[in-house]
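I have placed the structure first, in the form of structure tokens, so that the comments after it can refer back to it.
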Amino acid sequence: MSAKSAPATTATNTSLGASPRIHPRPSYAPFSEVAATTFKEVVWQAGILGGCLALLLEPLYRASLDFAAAHNVSDQVYFAFMTSAVHTVLYVVVNGGFQIMDSFLLFQEYKLERKPYMVAKPRLVRKMLFEAFISQIVTGPILAYFLYPVFQWFGMPAFSSALPSFPHIVKQLMIGHVFNDVLFYITHRTFHCKALYATFHKQHHEFAGTIGAAAEYANPVETVVSNQIPTIGGMLFFGAHPLLIWMWIGLRLQQTYEAHSGYCFEGTWLETIGLSHGEGAAHHDHHHTSNRGNFGCMYTDWIGGTMDHYMQVGGKKGYIDLKKGKGFVQRKLE
């Protein structure tokens with residue numbers, strides 16, 4: 001897969017998804033490192049921690065069911081409301097937290113560099129926030145409403161059904177994670193093809209120095225193909241319990257907002273116990289700031305050979321060292 005780096009290199013676009021290859025190829029991370037990172041993300045963070053959180057939230061879930069029943073709320077409306085509520089709460093809470101960090105200069109030691117040209121203009125930010133508002137309040141609930149019978153058709157249990165065993169919960173959340181990883185990588189890389197990029201994906205890259213609130217800022221076709229289907233597919237096609245569907249959506253949203261936030265908490269206790277995604281934040285931030293490779297997560301890009309430029313700067317550690325302590329430009333939503 002790789003060769004030792006040499007002082008002189010050339011870059012060419014040779015593969016599906018316009019992945020710039022460097023010749024000679026830089027050395028990729030060893031399999032053991034990729035396996036360890038994948039285990040942490042898929043098994044520990046999504047499966048075990050996500051499963052524990054689902055069990056903790058079950059009483060709240062049961063209380064919401066009782067409330068809906070007491071007020072004669074139909075199952076379809078309840079599903080649409082809960083799906084939209086999870087989305088909106090995560091969007092406001094997580095991205096609001098990152099905006100507070102930016103506005104009050106908190107945790108700046110974990111901020112990745114933003115050059116002046118990377119700072120989004122106020123007009124772009126307003127456009128992004130308007131589209132997010134429409135998605136959260138209008139199109140999201142409508143889509144969830146009409147998806148309810150589709151989830152039923154694929155075997156989603158009744159709302160009142162008991163949660164499956166903990167091992168099954170872990171397995172289901174892992175399926176959701178891997179399904180998303182693989183399909184997002186394939187579709188995202190495809191949207192970087194020259195024939196598709198300008199029409200469908202360029203909008204998302206208007207934020208060169210991406211922010212968490214812009215994680216879902218995309219062309220409607222890309223939103224469906226590369227965001228929504230990969231996110232819900234692992235839950236939809238395998239008949240997941242409703243609580244696990246919402247649990248996974250919440251986990252996925254937190255992950256992608258952090259990956260777009262411009263903050264990397266690698267080396268902190270949050271990262272150590274699995275409550276943060278430092279690897280993913282550095283990996284995807286490189287994709288936005290360079291727009292060369294890094295189409296998915298570490299293991300999909302390792303298998304696909306699509307992170308030459310990331311490895312050329314030293315991978316996660318090299319990129320973090322490069323992007324920290326460089327006189328950051330603070331973003332302000334004006």
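The values are calculated or read from the model by the stated rules, or taken from the named source; none is laboratory data. Worth saying up front: this structure is predicted, and the values here are computed from it rather than measured. Glycine also receives a Cβ, built like all others from the backbone with ideal geometry; neighbour counts cover every protein chain displayed.
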Specify which of the listed residues (Leu163, Leu124, Leu106) is surrounded by 12 or more Cβ atoms within 10 Å (Cβ to Cβ), in a helix (DSSP H, G or I) and out of contact with any Lys or Arg (no Cβ under 8 Å at 6 or more places or on another chain). Leu124
What number of residues in region 271-312 are in a loop (DSSP other than H, G, I, E, B) and of a type in the set (A, V, I, L, M)? 2
Within the group Val221, Val182, which residue is in a helix (DSSP H, G or I), touching a Pro at 6+ places or on another chain (Cβ under 9 Å) and not charged (D, E, K, R)? Val182
Assess whether Val43 counts as being of a type in the set (Val, Ile, Thr), under 20 Å from the mean Cα position of the chain (by Cα), closer than 26 Å to Tyr145 by Cα and surrounded by 15 or more Cβ atoms within 10 Å (Cβ to Cβ). no
Just to be sure I understand the filter: pairs with C-beta atoms under 8 Å, separated by 6 or more residues or on different chains, first member in region 117-141 and closer than 23 Å to Val77 by Cα, second member part of a helix (DSSP H, G or I) and hydrophobic (A, V, I, L, M, F, W, C). Which pairs pass? Ala132/Ala213; Pro141/Ala80; Pro141/Phe81
Which of the residues that make up region 223-244 are closer than 30 Å to Lys115 by Cα and either touching a Leu at 6+ places or on another chain (Cβ under 9 Å) or β-branched (Val, Ile, Thr) (or both)? Thr223, Ser226
Going residue by residue through region 112-121, is there one that turns out to be part of a helix (DSSP H, G or I), more than 17 Å from the chain's Cα centre (by Cα) and not aromatic (Phe, Trp, Tyr)? yes
Has region 168-191 got at least one residue that is out of contact with any helix residue (DSSP H, G or I) (no Cβ under 8 Å at 6 or more places or on another chain) and more than 26 Å from Ser290 (Cα to Cα)? yes
Taking the stated definitions as given, is Gly315 buried (at least 18 other Cβ atoms within 10 Å of the Cβ), closer than 21 Å to Tyr185 by Cα and out of contact with any helix residue (DSSP H, G or I) (no Cβ under 8 Å at 6 or more places or on another chain)? yes
Do you know which of the residues in region 255-270 that are outside any helix (DSSP H, G or I) and of a type in the set (S, T, N, Q) is nearest to Ser19 (Cα to Cα)? Ser261
Taking into account only those residues within region 175-215 that are among the hydrophobic types (A, V, I, L, M, F, W, C), more than 21 Å from Gly304 (Cα to Cα) and surrounded by fewer than 21 Cβ atoms within 10 Å (Cβ to Cβ), which is modelled with the highest pLDDT? Ala198
Reported set for region 185-218 where residues are among the hydrophobic types (A, V, I, L, M, F, W, C), closer than 18 Å to Gln255 by Cβ and in a loop (DSSP other than H, G, I, E, B) is Phe207, Ile211, Ala215, Ala218
